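Encoded as structure tokens, the structure appears first; notes follow it.
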Amino acid sequence: MAASPLILITGVTGFIGFKVLLDALEQGYAVRAAVRSAAQSESLRTHPKISALAPGNKLSFVEVPDLSAPGAYDQATKDATYIIHLASPLPSPFLDPQTGIYEPTVKGNANMLSAALQTASLKKLVITSSVFGNMPFPPDPSNEITAETRQPDLQGPFESMLPAYMGGKINALNATDRFVKENKLSFDIVNVFPGFVFGPDDKALKVEDITAGTNRVLLPIFTGGSADSPMPSGVAHVYDVAKVHMLALKDGVPQNLGVTQPHEFDDAWNIVEKHFPNSVKEGVFTQGRQPTVPVNWNAHQTEIDLGIKFKSYEDIVVDVAKQYLEMSGKEAA
Ligand SMILES: NC(=O)c1ccc[n+]([C@@H]2O[C@H](COP(=O)([O-])OP(=O)(O)OC[C@H]3O[C@@H](n4cnc5c(N)ncnc54)[C@H](OP(=O)(O)O)[C@@H]3O)[C@@H](O)[C@H]2O)c1
């Protein structure tokens, strides 16, 4: 029997990466998972959802302690047929904007491109960008954005978290485009542009873990949180985001794939009222608010190209609310 093709996946300890890891193992790939430390590989190896798949020697780990260090991925990519590069910091008030968000994003991307170039076995490199990687700021809803849209590089240094994240994603994407033009590649590169990613967190083992990922932006809208800063429209179910990353490995897929659809954050409350009326009556769910900035990012072409239909905002909210109820020991009602 032919050996399974090897995928290197980075960012496997994260919300999206963990689901991509599960999907890759379920689909029979051999996976080399890049983590920062041995403790992380141990906690992934023993995670109930991974153990349930009994991956045996189909799952291995490689430690990349600092993705910004020159040559960081040179050993990790060895013999890989595919790479899915998800590792990158999200906007966080706990990270320095320039050195904790912007620099790891662009340097990690550059290091992955350079390692890929040295990997003769490689057929495809999939890189996770973001809708923030190709939208202007502030967004202009009269202009449609698609996966082909590009923005000029943003000039740093960056002193606050959202510009640092956007600058990192925009500049990394432009660097990838230049790299494709300047090199005669023997592999393809696919950029994936997710909107805000929400949905069941398969890595979560207790209710507090659900807010480790970006569900922390959605949950307050029906658990009484109140945010003043408006967030751009555009949402994706984590299972769709993982699915698009896996489908991106197939031959003949376009170079740029969007996974997002327009939404209004505060509609989450109406959805919860409709699907969980008793939980609302009992006060388990209470209304919060998250203002939305309209953005005209159209990813429909990706649904056509991949022959899939994205889950709706309603599906997303219901799935997050259900996981919250299950993990907090409250019946869905
Ligand atoms: N979630 C969203 O709404 C969303 C939307 C669009 C695009 N994206 C992109 O999707 C990718 C994954 O996001 P996510 O939601 O899964 O984020 P996440 O849950 O925060 O996971 C981020 C992953 O990247 C790793 N990482 C972050 N900073 C790192 C650094 N400096 N060095 C090494 N590893 C680092 C983390 O490793 P540790 O566990 O070791 O920190 C983790 O595995 C990112 O590229 C993100 O920009 C996310």
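Here are the numbers:
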read-out	value
Kyte-Doolittle mean at least -0.5 and Cα axial length at least 20 Å: DSSP H helices in the chain	103-117, 161-182, 313-327
Residue-wise HN-Hα coupling along the stretch 186-191, computed from phi with Karplus coefficients 6.51, -1.76, 1.60 (Hz; x: Gly, Pro)	9, 9, 9, 10, 10, 9
Computed E for residue 36/residue 308 - FRET, C-beta separation, R0 25 angstrom, nearest 0.05	0.20
Trypsin sites (Lys or Arg not before Pro) restricted to the stretch 173-270 and DSSP loop, no more than 12 other C-beta within 10 Å	184, 206, 250
Among 164, 120, 268: highest mean-square fluctuation, GNM of the chain, C-alpha pairs under 10 Å	120
Cα-based shape type of the stretch 72-157, given that a ≥ b ≥ c are square roots of the gyration tensor eigenvalues and the cut on a/c is 1.5	oblate
Average accessible surface area per residue within the stretch 1-44, 1.4 Å rolling probe, Å²	39 Å²
Size of electric dipole in the stretch 175-276: Cβ of Lys, Arg +1 and of Asp, Glu -1, about Cα centre, debye, nearest 20	380 debye
Relative contact order of the stretch 218-313, defined on C-alpha pairs under 8 angstrom at six or more residues apart (%)	48 percent
GNM top mover of 38, 72, 116 - the chain, alpha-carbon springs below 10 Å	38
Diffusion constant of the chain at 37 °C, which comes from Stokes-Einstein with the Kirkwood Cα-pair radius and 0.692 mPa s, µm²/s	161 µm²/s
Å² per residue, accessible surface of the stretch 102-166 at 1.4 Å	45 Å²
Computed lengthening from residue 227 to residue 46, 0.36 nm per intervening residue step minus Cα-Cα distance	61.5 nm
Dipole magnitude of the stretch 248-333 about its Cα centre (Cβ charges: Lys, Arg +1; Asp, Glu -1), debye to nearest 20	80 debye
The chain: relative contact order in percent, alpha carbon pairs under 8 Å with at least 6 residues between	17 percent
The chain: most fluctuating residue of 102, 29, 165 per GNM, C-alpha cutoff 10 Å	29
For the stretch 253-315, accessible area per residue (1.4 Å probe, heavy atoms of protein chains only), Å²	49 Å²
Listed residues 304, 253, 156: farthest to the positive end of the dipole of the chain (Cβ charges)	253
Percent carbon-and-sulfur accessible area, the chain, ignoring ligands, DNA and RNA, probe 1.4 Å	52 percent
Cβ crowding within 10 Å averaged over residues, with 88-101, 314-327, 48-61 ranked highest first	314-327, 88-101, 48-61
Which of 141, 237, 279, positive extreme of dipole for the chain (C-beta unit charges)	237
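The values are calculated or read from the model by the stated rules, or taken from the named source; none is laboratory data. The shown structure was predicted, so the numbers you read here are calculated from the model rather than taken from an experiment. Ideal geometry is used to build each Cβ from the backbone, glycine not excepted, and the neighbour counts take in all protein chains shown. Ligands, DNA and RNA are excluded from the accessible area calculation, which covers all protein heavy atoms including side chains. Shrake-Rupley method; radii C 1.70, N 1.55, O 1.52, S 1.80 Å.
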